[in-house]
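In what follows, a single structure is set out as structure tokens and then discussed.
The values are calculated or read from the model by the stated rules, or taken from the named source; none is laboratory data. Since the structure is predicted, the reported quantities are computational estimates derived from the model, not experimental observations. Because the Cβ atoms are built from the backbone with ideal geometry, glycine has one as well, and the counts that use them run over all protein chains shown. We work out accessible area using only protein heavy atoms, side chains counted, and drop any ligands, DNA or RNA first. Shrake-Rupley method; radii C 1.70, N 1.55, O 1.52, S 1.80 Å.
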Amino acid sequence: MGDENMKCQKCNIREANVHLVKSVNGIKKEIHMCDKCAAEDMEMGELTAGLGQSSLFGLGNLLSGLFSAGYSLGEQEPISLTGSVKCKKCGMSLQEFKNNGTMGCDECYEAFGKNIEPLLKRLHGSVVHKGRVPGKIEHKIKADREIDRLKELLNKAICEEAYEKAAELRDEIKALERAKEESEQILKKSPVRNSIKYAKKKNIDNAKANDNDEKEMED
Amino acid sequence: MSWYIEAGPHHDVVLSSRIRLARNFSGLPFKKRADRSTSMKVLDKAKKLFKGMLYIDISEINVIERQALVERHLISPELASGKNNPAVFVSKDESISIMVNEEDHLRIQSMQAGLQLESALEKAISIDEEIAEKEEYAFRHDYGYLTGCPTNLGTGMRASVMMHLPAMTKTGVMERTLEACSKLGIAIRGLYGEHSNASGYIFQISNQISLGQSEDEIVANVKSIVEQLIDTEKKLRKELLEKDRIGFEDEVFRALGAFSNARIISSEECLKLMSDIRLGISAGLLKQPGIEAINELMLMTRAATLQKSAGRPLEARERDIYRADIIRKKLERG
């Protein structure tokens, strides 16, 4: 078992990494080819002609095909359709993601998460995670989800012109966001965490850590 | 006994179950943007996390060794050809393998014999929880566990089951099943080839969707499809047997004859013979060899594993001779 790749149906040498499922008159046919054979194949070539991507035919092109198909269904245009959106951390651009089909880092989802939501809908039928959550940040996730839920209610209230309710919700959201900010700050400055690091570095015990801090500031 | 030899629940149709979790560490770039120093950092973290497990540095072993690990289901072909610090950590009974620096930083794999998705999931989760206590995962409340490829977002989980479905394939039921399953978000792939003789009629059933459902829901979905496939396959096997009992028996015993006596067996033929013998065992026609022996031979007869046991690389014809040899020796031993 495992994601064992099959050999390309055409050359039978390279691994097949381009998979096409054709449904013709209710009969399903699966085609598995490697990059090279797929690029050379007439039929595959036709299928990719409309995508207008680079000549490298791979998962990225298939994904971006889904991407553009998503928009043609009349879904909302993303905030920025051009490839100019870039991830602040790793520098990957939306265009690069569209070419390759993979993200560069966790920040990329922050940078163009909204842009790829139609793609996620096509792939998974959903854009909201319903599964497990890493234990340590469970409370933070609960807070995030609650904030999202309230924001939705807020939008609804505004649409319905229930401005008093909207104001209440806005205040609730603000309070939650503030509380979240505070608890994150506390965790960052966690005395336990920092002083252990510090003590290891300077080879002194926890009690002395704070004193040394002050001394260095004076210098 | 290794999970791949064991005869698990529904072993007459289901070979094994696997849960795979894809995970990345927060703050470190994913594969596409990871350089050597990043993959080194990832490997260092993994070494600390999985101290008690067997550590294999993929870059230190040769091509045959790597392929043997793939055949043993411990690593993927992707990891076998990895360039930046590819490694794997394996548990003693080989039921857990954790790939490092494959498509994502970590790929936790948990495997069990027969249909045991829940138990495989439990083991995978307990490892995942241990890691989460010590390291921070790349995770968002809306997209779940962040993976390099958006196809793995959310739970980062692939639940798959390996099944033997000769009756469904031979009677043409497989084609219709593929369509129905794909509508339900389930993928069926021939594992060793296309839907033909060459594949030994072994298929992998897995979920296509990982975001928007909980782990338990996904497992329940896959399990329910698998159970229906088991019923259909068993029903069709019974029909085939009743329709032409002597023809069925002939195929089984011819296969056993060739398997036990041939001097030269190609990997393709081997898959077909093993498939017929499995059918014979499941229909109660054969007492020997047992299902565990066939499971073991499934691995022993594969190209790289064969060459490993021979202790040297073998050309195609040499392999085919050695394969027949290994089979006869194993069947004699019992």
> Does segment B:58-79 hold any residues that are aliphatic (A, V, I, L, M) and under 20 Å from B:S16 (Cβ atoms), and which are they?
Replying inline: B:A68, B:L69, B:V70, B:L74, B:I75, B:L79
>> For segment B:280-325, which positions are open to solvent by 20 Å² or more (accessible area, probe 1.4 Å) and assigned to a loop (DSSP other than H, G, I, E, B)?
In response: B:A283, B:G284, B:L285, B:K287, B:Q288, B:G290, B:R302, B:G311, B:R312, B:P313, B:E315
> Of all residues in segment B:1-41 being over 25 Å from B:E233 (Cβ atoms) and surrounded by 23 or more Cβ atoms within 10 Å (Cβ to Cβ), which is farthest from the other protein chains (Cβ to nearest Cβ)?
Replying inline: B:A22
>> On the basis of being under 14 Å from the mean Cα position of the chain (by Cα), touching a residue at least 24 places away in the same chain (Cβ under 8 Å) and surrounded by fewer than 22 Cβ atoms within 10 Å (Cβ to Cβ), does B:E94 make the cut?
In response: yes
> Residues in segment B:137-162 that are at the interface with another protein chain (Cβ under 7 Å from one of its Cβ atoms) and of a type in the set (D, E, K, R): how many?
Replying inline: 2
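Between B:E122, B:E179, which is of a type in the set (D, E, K, R) and more than 10 Å from chain A (Cβ to nearest Cβ)? Spell out the reasoning first.
On the way: B:E179 fails: more than 10 Å from chain A (Cβ to nearest Cβ).
Only one candidate qualifies: B:E122.
Residue by residue, here is whether (1) in contact with a Phe, Trp or Tyr (Cβ under 9 Å, 6 or more places away or on another chain); (2) farther than 20 Å from B:G8 by Cβ; (3) at pLDDT 95 or above holds:
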site	(1), (2), (3)
B:R66	no, yes, yes
B:S81	no, yes, no
B:V90	yes, no, yes
B:V100	yes, yes, yes
B:M111	yes, no, yes
>> I need every pair where a residue in segment B:115-131 that is within 25 Å of B:A7 (Cβ to Cβ) has its Cβ under 9 Å from the Cβ of a residue that is among the basic types (K, R), sequence separation at least 6 or different chains.
In response: B:L115/B:K223; B:L117/B:R18; B:L117/B:K223; B:E118/B:K223; B:A120/B:R18; B:A124/B:R20
> Looking at segment A:81-125, which of the residues that are of a type in the set (G, A, S) and assigned to a loop (DSSP other than H, G, I, E, B) is farthest from the other protein chains (Cβ to nearest Cβ)?
Replying inline: A:S84
> When you scan segment B:120-138, how many residues do you find that are in a helix (DSSP H, G or I) and open to solvent by 40 Å² or more (accessible area, probe 1.4 Å)?
Replying inline: 7
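Here's the yes/no breakdown for (1) under 30 Å from B:G144 (Cβ atoms); (2) loosely packed, with under 15 Cβ neighbours inside 10 Å; (3) within 14 Å of another protein chain (Cβ to nearest Cβ):
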residue: B:I209; (1), (2), (3): yes, no, yes
residue: B:S214; (1), (2), (3): yes, no, yes
residue: B:I225; (1), (2), (3): yes, no, no
residue: B:L229; (1), (2), (3): yes, no, no
residue: B:T232; (1), (2), (3): no, no, no
residue: B:L240; (1), (2), (3): no, no, no
residue: B:D244; (1), (2), (3): no, yes, no
residue: B:V252; (1), (2), (3): no, no, no
residue: B:A258; (1), (2), (3): no, no, no
> So B:F248 fits all but one of (1) over 25 Å from the mean Cα position of the chain (by Cα); (2) open to solvent by 30 Å² or more (accessible area, probe 1.4 Å); what number is the exception?
Replying inline: (2)
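Taking the condition of being free of Cβ contacts under 8 Å to residues at least 24 places away in the same chain and under 27 Å from B:E217 (Cβ atoms), how many residues in segment A:145-163 meet it?
Counting residues in segment A:145-163 that are free of Cβ contacts under 8 Å to residues at least 24 places away in the same chain and under 27 Å from B:E217 (Cβ atoms) gives 6.
Only one residue in A:A166, A:A111, A:A179 is in contact (Cβ under 8 Å) with a residue 12 or more places away in the chain and under 30 Å from B:N207 (Cα atoms). Which one?
Testing whether each residue is in contact (Cβ under 8 Å) with a residue 12 or more places away in the chain and under 30 Å from B:N207 (Cα atoms) leaves just A:A111.
When segment B:60-81 is examined, which residues are found to be away from chain A (no Cβ under 14 Å), open to solvent by 70 Å² or more (accessible area, probe 1.4 Å) and closer than 13 Å to B:A304 by Cα?
Those that are away from chain A (no Cβ under 14 Å), open to solvent by 70 Å² or more (accessible area, probe 1.4 Å) and closer than 13 Å to B:A304 by Cα: B:N62, B:V63.
Would you be able to tell me the number of residues in segment A:100-121 that are open to solvent by 40 Å² or more (accessible area, probe 1.4 Å), farther than 19 Å from A:D148 by Cα and modelled with pLDDT of 90 or more?
Going through segment A:100-121 one residue at a time, the tally reaches 1.
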